[in-house]
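The values are calculated or read from the model by the stated rules, or taken from the named source; none is laboratory data. The model shown is predicted, which means the values in this text are computed figures rather than measured ones. Cβ: placed from backbone, ideal geometry, glycine included. Neighbour counts: every protein chain shown. Side chains are part of the model used for accessible areas, which takes the heavy atoms of the whole protein and leaves out ligands, DNA and RNA. Shrake-Rupley method; radii C 1.70, N 1.55, O 1.52, S 1.80 Å.
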Amino acid sequence: MKSKFTLTLLLALSHFFVAAQYTNLKFTPAQPEPGETVRFEYDPAGTTLEKADNITPAVFIYDGSIKAAETSFTKTGDGKWTGSFSPNDKAKAVLIAFKQDNRIDNNQEQGYSFLLMQQNKPVKNAAIGLVSLNDFGSFMLKMKVKPETNLALYDRELETDPELKTRLASAYARLLMTVDKENGKKKTEALIDVLQHKANKTEADYIALEGVYMALKDGYNADKIKKDIQAIYPKGITAKRERLNVLYREQNAEKRIQMLEQLQKDFPAKNADDEKTYGNLLRNIYGNLAFSAGVARKWADFKKYIAKTESNTALALAYNEAAWGLSGKGLGKKGDSLQFAKELSARALACIKKELETPAGKPDYRTTADYLKSMEYTLGNYMDTYALILWKLGERTAAYQIQEEAVQKTGKINPEILERYVIFKEKIKGRNAVREEIEDMIKAGNSTARLRGVLKNIYIARNKSEKGYAGYLENLQAAYRVKLKEALRKQMINEPAPKFALKDLDGKEVSLASLTGKIVVADFWATWCGPCRASFPGMQQAQNHFKNDPDVAFLFVNTRERAQPREMETKVANFIKHSGYDFHVLLDADNKVSDNFAVEGIPAKFLIDGNGNIRFKVVGFDGNTDNLIEEMRAMIEVMRN
């Protein structure tokens, strides 16, 4: 007998199996088949894209792997949009979302999806394909499909093909244990019994059995099965995977090449996929070697590895980083060997332009248009390097013109690129030519301290005094803060924060419960994490802003430090001391707290209200310290109101 939740979800998911239609998204035909052109009509009314004027569909197809579909898409006179795409003959499931810039309509985090049909029923493995698309959508489309939904899809497929239960045992067991631990454990144990008694077990069966034990968190039996696999299949899938993992962890690229050569001898390529894997690995290693040699200015090695690097994007990255290092990395330093830097930078631009002409590096899961857009952005970043070098060489008019193009290609959002553009323009065209642009940047939240300094000089020159400047600047910043708070209110969430109690660097235990009633900013970080370190000057300033506020607490949770507890404590304490930060650091030595918070990447900041609910989650750091400070302040103020 099925559990109640599974029956309920199967009924709720019935549209996957009957017709692909939503309130604001209609498909023709209603039950698309593999290989058949699908036309669709999208109405953004009532969605996050209601007033958007340049919507792009993101369509992904599962046919055994995930591929982006090329689509046509146009706006109609009544505010709706129409488009079409053609799933291939092997397609099983489709996932769609709609985007404009950073906004996305992903059907309230569930995605718009349907199964491909034949003779009024889903094609084989269609529901399993949709589970893969849902997992993919969690990091590509900001989706949060419930595990119950994916389990119901698995159950639907297993009804028609019970043999899948052993092939998919590991993933199925994880879902069972996530959704309903008590009943899930019984079903998982039943899976173990089936696998244990299966005649003529293959390595895949043993791997599935190991995965099921891991889902049960039975490390003893999982390790036992793993040893059996190693003994029975010394040249099997698991042995090869282990060797690949060791190779990936090796930091010395020269050793990685030797390890790859030995791996290819021990595990010769058996098919096109194996050849592709080995080829990509070798290309990546040579690209990394060229990159490292350029950064270290080991030019003989750089030349050697560049000659063995085939990817346009890897070549461009290596050339640009070498040129960027020689440029002085900004206007503050003189730079070195600038003519050579100019040559390297020009080669970086040529490589990206070649990729734009023939996008050889496009992965299957990206459309051509999306990939080319990202390459245009990369070209803009590398043009910034080239313009900086030209400026320092005295070729100022050319530098300004290239920087202007760099700003356009990067979407006017990178504060460093914008800063150099304004400085170049001021020198070429005068102060008055940049005043309105700086004002607009401040209103949009894209200013820097240096730009505000330029604006201040312009203000003093025009008004013969600094009087009134503070109010003038405050008015410009107020416009950004109003927009920021409006946007943040729409992004607020309300999820219970996992309880935790961790020790700080003084050995004192600090719990979330002890901070009830306060707004808590929990910043997850590690000493090896570059973006974490880059964000800290801004986080220090944000903390300083609230240092006399008894209702706000900042906690810096060190996690994933890749060190034993004692080594971790020493490493973190030394880092904080030498960096000069006065952070309240907690030590998540076993990573359990970060796991409970489902931290996928660091830095990750969780803003928790006085009732213990997460209201904001911010992952990563875009390099804009000013914006980080403003966002921290704004989020805390929005939470208070």
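Having 1 or more residues that are in contact with a Lys or Arg (Cβ under 7 Å, 6 or more places away or on another chain) is the bar; report the helices (runs of 4 or more DSSP H) wholly within region 239-317 that clear it. Steps first, please.
Working: elements: 253-266, 272-295, 299-306.
So the answer is 253-266, 272-295.
Does any residue of region 277-296 turn out to be open to solvent by less than 30 Å² (accessible area, probe 1.4 Å), at pLDDT below 95, closer than 30 Å to Ala387 by Cα and touching a Leu at 6+ places or on another chain (Cβ under 6 Å)?
So far as region 277-296 goes, no, none of its residues is open to solvent by less than 30 Å² (accessible area, probe 1.4 Å), at pLDDT below 95, closer than 30 Å to Ala387 by Cα and touching a Leu at 6+ places or on another chain (Cβ under 6 Å).
Tally the residues that are at negative phi, in contact with a strand residue (DSSP E or B) (Cβ under 9 Å, 6 or more places away or on another chain) and open to solvent by 10 Å² or more (accessible area, probe 1.4 Å), restricting the search to region 106-120.
Applying the first criterion (at negative phi) to region 106-120 yields 106, 110, 112-118.
Imposing the further condition that a residue be in contact with a strand residue (DSSP E or B) (Cβ under 9 Å, 6 or more places away or on another chain) reduces the set to 106, 112-116.
Filter once more, keeping what is open to solvent by 10 Å² or more (accessible area, probe 1.4 Å): 106.
Here the count works out to 1.
Mind counting the residues in region 31-64 that are closer than 15 Å to Phe136 by Cα, at pLDDT 95 or above and not in a strand (DSSP E or B)?
1
Each row is one residue, and each column tells you yes or no for (1) exposed (fewer than 15 other Cβ atoms within 10 Å of the Cβ); (2) aliphatic (A, V, I, L, M); (3) within 16 Å of Met117 (Cβ to Cβ).
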| residue | (1), (2), (3) |
| --- | --- |
| Ala30 | yes, yes, yes |
| Pro34 | no, no, yes |
| Tyr42 | no, no, no |
| Ala52 | no, yes, no |
| Val59 | no, yes, no |
| Gly64 | yes, no, no |
| Glu70 | yes, no, no |
| Thr76 | yes, no, no |
| Gly79 | yes, no, no |
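Output the residues belonging to region 310-325 that are crowded, with 23+ Cβ neighbours inside 10 Å and farther than 12 Å from Ile352 by Cα.
Ala322, Ala323, Trp324
Could you tell me which of the residues Leu175, Leu141, Leu195, Leu158 is open to solvent by less than 10 Å² (accessible area, probe 1.4 Å) and over 20 Å from Ile66 (Cα atoms)? Walk me through how you get there before you give the answer.
Working: Leu175 fails: open to solvent by less than 10 Å² (accessible area, probe 1.4 Å); Leu141 fails: over 20 Å from Ile66 (Cα atoms); Leu158 fails: open to solvent by less than 10 Å² (accessible area, probe 1.4 Å).
That would be Leu195, the only listed residue that is open to solvent by less than 10 Å² (accessible area, probe 1.4 Å) and over 20 Å from Ile66 (Cα atoms).
Of the residues Val552, Val557, which single one is within 27 Å of Met639 (Cα to Cα), under 25 Å from the mean Cα position of the chain (by Cα), crowded, with 17+ Cβ neighbours inside 10 Å and of a type in the set (A, V, I, L, M, F, W, C)?
Working: Val552 fails: under 25 Å from the mean Cα position of the chain (by Cα).
The unique qualifying residue is Val557.
Can you find, within region 514-531, the residue that is surrounded by the most Cβ atoms within 10 Å (Cβ to Cβ) among those that are in a helix (DSSP H, G or I) and at pLDDT below 95? Steps first, answer last, please.
At the first step, the residues of region 514-531 found to be in a helix (DSSP H, G or I) are 514-515, 530-531.
Then drop every residue that is not at pLDDT below 95, which leaves 530-531.
Numbers: Gly530: 8, Pro531: 16.
Here the residue is Pro531.
Taking Ala573 as the residue in question, decide whether it is among the small types (Gly, Ala, Ser) and more than 29 Å from Pro496 (Cα to Cα).
Answer is yes for this residue.
Say whether the condition of being open to solvent by 90 Å² or more (accessible area, probe 1.4 Å) and either touching a His at 6+ places or on another chain (Cβ under 9 Å) or among the hydrophobic types (A, V, I, L, M, F, W, C) (or both) is met by at least one residue in region 124-134.
Of region 124-134, the ones open to solvent by 90 Å² or more (accessible area, probe 1.4 Å) are 124.
Next, from what is left, pick out any that are either touching a His at 6+ places or on another chain (Cβ under 9 Å) or among the hydrophobic types (A, V, I, L, M, F, W, C) (or both): none.
No: region 124-134 contains no residue that is open to solvent by 90 Å² or more (accessible area, probe 1.4 Å) and either touching a His at 6+ places or on another chain (Cβ under 9 Å) or among the hydrophobic types (A, V, I, L, M, F, W, C) (or both).
Farther than 30 Å from Phe60 by Cα and basic (Lys, Arg): which single residue out of Lys409, Lys362, Lys456 fits that description? Steps first, answer last, please.
On the way: Lys409 fails: farther than 30 Å from Phe60 by Cα; Lys362 fails: farther than 30 Å from Phe60 by Cα.
Only one candidate qualifies: Lys456.
Of all residues in region 603-619, how many are open to solvent by 30 Å² or more (accessible area, probe 1.4 Å) and either of a type in the set (Val, Ile, Thr) or over 19 Å from Glu495 (Cβ atoms) (or both)?
Matching residues across region 603-619 total 2.
Which of (1) open to solvent by 70 Å² or more (accessible area, probe 1.4 Å); (2) in a helix (DSSP H, G or I) does Ala399 not meet, given it meets every other one?
(1)
Does region 73-86 hold any residues that are within 17 Å of Pro34 (Cα to Cα) and either among the small types (Gly, Ala, Ser) or modelled with pLDDT under 95 (or both), and which are they?
Filtering region 73-86 down to residues within 17 Å of Pro34 (Cα to Cα) leaves 84-86.
Across region 73-86, the qualifying residues are Ser84, Ser86.
If I ask for residues that are touching a residue at least 40 places away in the same chain (Cβ under 8 Å) and exposed (fewer than 13 other Cβ atoms within 10 Å of the Cβ), which ones from region 429-475 would you list?
Ala449
Which of the residues belonging to region 476-513 are touching a residue at least 12 places away in the same chain (Cβ under 8 Å) and in a loop (DSSP other than H, G, I, E, B)?
Met492, Ile493, Asn494, Ala497, Pro498, Lys499, Phe500, Leu505, Leu512
When you check Ala199 against the structure, is it touching a helix residue (DSSP H, G or I) at 6+ places or on another chain (Cβ under 7 Å), small (Gly, Ala, Ser) and free of Cβ contacts under 8 Å to residues at least 60 places away in the same chain, yes or no?
Working: touching a helix residue (DSSP H, G or I) at 6+ places or on another chain (Cβ under 7 Å): no; small (Gly, Ala, Ser): yes; free of Cβ contacts under 8 Å to residues at least 60 places away in the same chain: yes.
It is false that Ala199 is touching a helix residue (DSSP H, G or I) at 6+ places or on another chain (Cβ under 7 Å), small (Gly, Ala, Ser) and free of Cβ contacts under 8 Å to residues at least 60 places away in the same chain.
Restrict the check to region 92-103 and report whether at least one residue is farther than 13 Å from Leu141 by Cα, assigned to a strand (DSSP E or B) and modelled with pLDDT under 95.
Narrowing region 92-103 to residues farther than 13 Å from Leu141 by Cα: 92-94.
Subsequent filtering for residues that are assigned to a strand (DSSP E or B) retains 93-94.
Filter once more, so that each one left must be modelled with pLDDT under 95: none.
The answer is no; no qualifying residue exists.
Okay, residues lined up against (1) over 26 Å from Lys124 (Cα atoms); (2) at pLDDT 90 or above; (3) part of a helix (DSSP H, G or I):
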residue	(1), (2), (3)
Glu159	no, no, yes
Ala173	no, yes, yes
Leu209	no, yes, yes
Asp228	yes, yes, yes
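Take the residues in region 118-172 that are charged (D, E, K, R) and within 19 Å of Ala598 (Cα to Cα), then tell me which one is farthest from the chain's Cα centre (by Cα). Break it down stepwise before answering.
Kept after step one, since they are charged (D, E, K, R), are these residues of region 118-172: 121, 124, 135, 142, 144, 146, 148, 155-157, 159, 161, 163, 165, 167.
Those still in the list that are within 19 Å of Ala598 (Cα to Cα) too: 135, 142, 144, 146, 148.
Working: Asp135: 14, Lys142: 10, Lys144: 15, Lys146: 20, Glu148: 24 Å.
Among residues in region 118-172 that are charged (D, E, K, R) and within 19 Å of Ala598 (Cα to Cα), the one farthest from the chain's Cα centre (by Cα) is Glu148.
When you check Lys499 against the structure, is it at pLDDT 90 or above and open to solvent by 70 Å² or more (accessible area, probe 1.4 Å), yes or no? Spell out how you get there, then give the answer.
On the way: at pLDDT 90 or above: yes; open to solvent by 70 Å² or more (accessible area, probe 1.4 Å): yes.
For Lys499, the condition - at pLDDT 90 or above and open to solvent by 70 Å² or more (accessible area, probe 1.4 Å) - is met.
Tell me which of these Leu484 doesn't satisfy, since it passes every other one: (1) under 14 Å from Met635 (Cβ atoms); (2) in contact with a helix residue (DSSP H, G or I) (Cβ under 6 Å, 6 or more places away or on another chain); (3) open to solvent by 50 Å² or more (accessible area, probe 1.4 Å).
(3) is the only condition that Leu484 fails.
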